[in-house]
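In what follows, a single structure is set out as structure tokens and then discussed.
The values are calculated or read from the model by the stated rules, or taken from the named source; none is laboratory data. Note that this is a predicted model, so its numbers are computed, not measured. With ideal geometry, Cβ positions are generated from the backbone for all residues, glycine too; neighbour counts draw on all protein chains shown. Remember, those area values only see protein heavy atoms, side chains included, never the ligands or the DNA or RNA. Shrake-Rupley method; radii C 1.70, N 1.55, O 1.52, S 1.80 Å.
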Amino acid sequence: MDNRMWGGRFSHGPDAIMEEINASIDFDKKLFPNDIAASKAQARMLAARGIIAADDAEKIREGLDTILREFEAGTFTFSRSLEDVHTHIEARLIELIGPAGGRLHTARSRNDQVATDLRLWVRDAIDAIDAGLAELQQALADKALEHAATVMPGFTHLQTAQPVTFGHHLLAYVEMIARDRGRFADARKRLNESPLGSAALAGTSFPIDRDQTAAELGFDRPTANSLDAVSDRDFAVETLAAASLCAVHLSRFAEEIVVWSSAGFGFIRLSDRFTTGSSIMPQKRNPDAAELVRAKTGRIVGSLTTLLIVLKGLPLAYQKDMQEDKEPVFDAMETLNLAITATAGMVADMEPDKAAMRKAAGAAYSTATDLADWLVQSLDMPFREAHGVTGRVVRSAEEAGRPLHRLTLEELQVIEPRITPEVFSVLGVSQSASSRTSFGGTAPNNVRKQARRWLARLKKEAGA
Ligand code: ARG
């Protein structure tokens with residue numbers, strides 16, 4: 001069958017395989033509402049500038065509304081021979097309203113349509129992700145406030161390092177997510193320019209008003225260079241880069257959830273809502289949601305790589321390669337959205353086992369640094385020397401098979417005679433955590449203050 005959009009200079013229709021490799025409708029139908037919105041803006045502007053008659057523009061806008069309703073009702077008919085979402089909508093418009101429908105494509109091209117539609121889609125996706133991330137921050141900050149004084153081990157090299165609080169650990173992710181949200185907001189600002197009216201690549205001789213279409217579509221301004229506008233997918237790359245880093249943050253957290261909920265750690269219990277059972281081992285509670293959040297990072301980072309490679313050799317202006325931008329963008333943003341929602345659900349439901357966390361926090365001489373600091377503060381010992389003394393204390397505790405606070409004063413004095421009984425006040429895990437009052441430190445009072453600051457900020461944002 002001839003292509004009704006561009007078949008004029010052809011004597012044959014395309015091969016079936018040509019049609020199959022060329023058609024994007026199976027995935028770009030996601031742009032349907034965006035394409036309708038951009039076309040409505042175009043029709044109104046064309047009439048306002050006297051390029052088409054006002055009653056034609058009215059018929060076009062009504063026709064487009066009908067088409068959107070058909071799409072939403074699931075009655076719109078798709079056919080691969082019509083290639084993409086833009087040709088589908090235009091063909092249906094002409095079918096519905098006749099020749100007036102053929103006037104819509106004046107002074108525009110599918111190249112600017114697709115660039116416009118995808119920006120609109122990505123903008124909405126960023127807004128949805130930002131809302132999801134705010135909810136995740138809320139869940140984390142709520143839990144952090146509740147557990148501002150719940151002591152757990154802090155790790156470096158996954159070796160027990162110093163006691164921290166669970167609240168402090170959760171707030172670390174609130175910070176990361178805040179930066180993720182900042183990156184998305186930044187990308188959104190830069191993408192919010194309208195390519196519509198670039199008219200394929202060179203602009204147009206019609207007296208169009210690009211400011212009008214930009215404003216109707218909520219863009220800040222029209223893009224300033226027609227060649228750049230139809231060739232640029234920076235906005236998608238930037239968004240996928242932000243999505244990738246956000247996914248990496250979620251994945252690190254997911255990994256911690258998996259580890260914490262294992263029998264070896266037993267720090268948290270996930271709810272039934274976010275675990276699954278085993279088909280053979282009746283006792284199992286598997287953290288599948290966390291594992292999948294961790295794994296889905298692969299798809300998201302993969303999407304970024306895909307898009308960068310699609311773009312890297314493309315001369316200006318539009319090349320059909322760019323049709324391959326959509327699937328990675330759609331998949332990454334939808335996948336990230338799901339991962340965020342699942343993570344927020346896990347956080348809201350998770351129950352820490354305070355006793356297990358506390359016990360682990362005190363294991364492996366985790367307050368050795370507190371002892372060294374005490375030697376510095378009470379005996380005016382240089383830190384490097386205090387480090388050596390403490391190392392010898394740890395060795396003797398190890399030989400005695402006891403934790404630091406179970407050594408006797410006499411045993412300690414064998415190593416350093418000036419040690420006094422006051423030293424025992426710094427060897428407990430709660431004292432250790434509470435002493436970390438420096439700005440940004442883990443002391444419960446700090447954590448409470450930070451959690452409240454975040455909660456107030458999130459509330460203000462939600463009200464704004
Ligand atoms: N389906 C195309 C895409 O997704 C739309 C633009 C096609 N333009 C063209 N001149 N063939 O990129």
Taking a probe of 1.4 Å, how large is the accessible area per residue of the range 77-225, in Å²?
38 Å²
For the chain, what is the calculated [θ] at 222 nm in deg cm²/dmol (nearest 500), taking -39500 (n - 2.57) for each run of four or more DSSP H residues and dividing by its residue count?
-20500 deg cm²/dmol
Report, largest value first, the span of the C-alpha coordinates of the range 361-463 along each principal axis, in whole Å.
62, 29, 21
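Would you list 70, 398, 83 from the most to the least accessible area, probe 1.4 Å?
Descending order: 398, 70, 83.
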Between residue 341 and residue 158, the two model label points (7 Å from Cα along the beta-carbon direction) sit apart by a distance in nm of 3.2 nm
If amide H atoms are built 1.01 Å from N in the plane of the peptide, which residues on other chains or at least 5 residues away come under 5 Å of the amide H of residue 225?
none
Normalised per residue, the volume inside the convex hull of the alpha-carbon atoms of the range 18-103 in Å³ amounts to 86 Å³
What do you get for the angle between helix 32-48 and the principal long axis of the chain? Use alpha-carbon atoms, 0 to 90 degrees, nearest ten.
50 degrees
Dipole of the chain, positive direction: furthest Cα of 401, 66, 109, with charges on the beta-carbon
401
Carbon/sulfur fraction of accessible area - the range 18-103, other protein chains in place, 1.4 Å, %
49 percent
Can you work out the accessible area per residue across the range 303-363, with the rest of the protein chains kept in place, probe 1.4 Å, in square angstrom?
45 Å²
Additional length obtainable on full extension of the chain from residue 406 to residue 78, 0.36 nm per residue less Cα span:
110.5 nm
Quote the convex hull volume per residue of the chain, based on C-alpha atoms, as a whole number of Å³.
202 Å³
Signed unit charges on C-beta, dipole axis of the range 1-150, positive-most listed residue 147, 57, 76
57
Listed by chain and number, the residues whose amide H is under 5 Å from that of residue 269, excluding neighbours fewer than 5 places away on the same chain and using placed H, are 351, 353
Could you give me the ³J(HN,Hα) list for the range 197-205, computed from phi with Karplus coefficients 6.51, -1.76, 1.60 and θ = phi - 60°, whole Hz, x at Gly and Pro?
x, 5, 6, 6, 6, 10, x, 9, 8
Student exercise, the chain dipole from Lys, Arg, Asp, Glu Cβ charges, in Debye to nearest 20
1140 debye
With +1 assigned to the C-beta of every Lys and Arg and -1 to the C-beta of every Asp and Glu, and no other charges, what is the dipole magnitude of the range 18-103 about the Cα centre in debye, to the nearest 20?
340 debye
Gap separating the Cα centres of the range 123-174 and the range 262-311, nearest whole Å
18 Å
Pull out the extension gain between residue 460 and residue 65, defined as 0.36 nm times the separation in residues minus the alpha carbon to alpha carbon distance; nm, one decimal.
138.5 nm
Kindly provide log₁₀ I(q)/I(0) values, in the same order as q = 0.14, 0.23 Å⁻¹, from the Debye equation applied to equal alpha-carbon scatterers of the range 324-389.
-0.67, -0.94
Binning every alpha carbon pair distance of the range 70-181 at 5 Å from zero, what are the percents per bin?
2, 9, 11, 12, 11, 8, 6, 6, 7, 6, 7, 7, 4, 3, 1, 0
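When the dipole is taken about the Cα centre of the range 245-311, and only Lys, Arg (+1) and Asp, Glu (-1) are charged at their Cβ, what size is it in debye, to the nearest 20?
With Lys and Arg at +1 and Asp and Glu at -1, about 60 debye.
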Can you give the Rg and Dmax of the range 264-364 based on its C-alpha atoms, in angstrom?
20.4, 63
As I understand it, the dipole of the range 361-463 uses +1 on the Cβ of Lys and Arg and -1 on the Cβ of Asp and Glu, about the Cα centre. Which of 383, 437, 419 lies farthest toward its positive end?
437
Tell me the relative contact order for the chain as a rounded percent, counting alpha carbon contacts under 8 Å between residues six or more apart.
17 percent
Along the range 368-383, Karplus-curve 3J(HN,Hα) (6.51, -1.76, 1.60; θ = phi - 60°) to the nearest Hz, with x for Gly and Pro, reads 4, 5, 5, 5, 4, 4, 5, 4, 5, 6, 8, 10, 6, 7, x, 4
Taking all protein chains together and a probe of 1.4 Å, list 28, 211, 380 from the most accessible to the least accessible.
380, 211, 28
Other-chain or far-sequence residues with amide H under 5 Å of residue 152's (modelled H):
164, 165, 166
At 1.4 Å probe size, what's the solvent-accessible area of residue 27? Round to the nearest 10 Å².
40 Å²
Against the longest alpha carbon principal axis of the chain, how many degrees, from 0 to 90 and to the nearest 10, is the axis of helix 444-463 turned?
20 degrees
In whole percent, how big is the carbon plus sulfur part of the accessible area of the range 109-267, probe 1.4 Å, protein atoms only?
52 percent
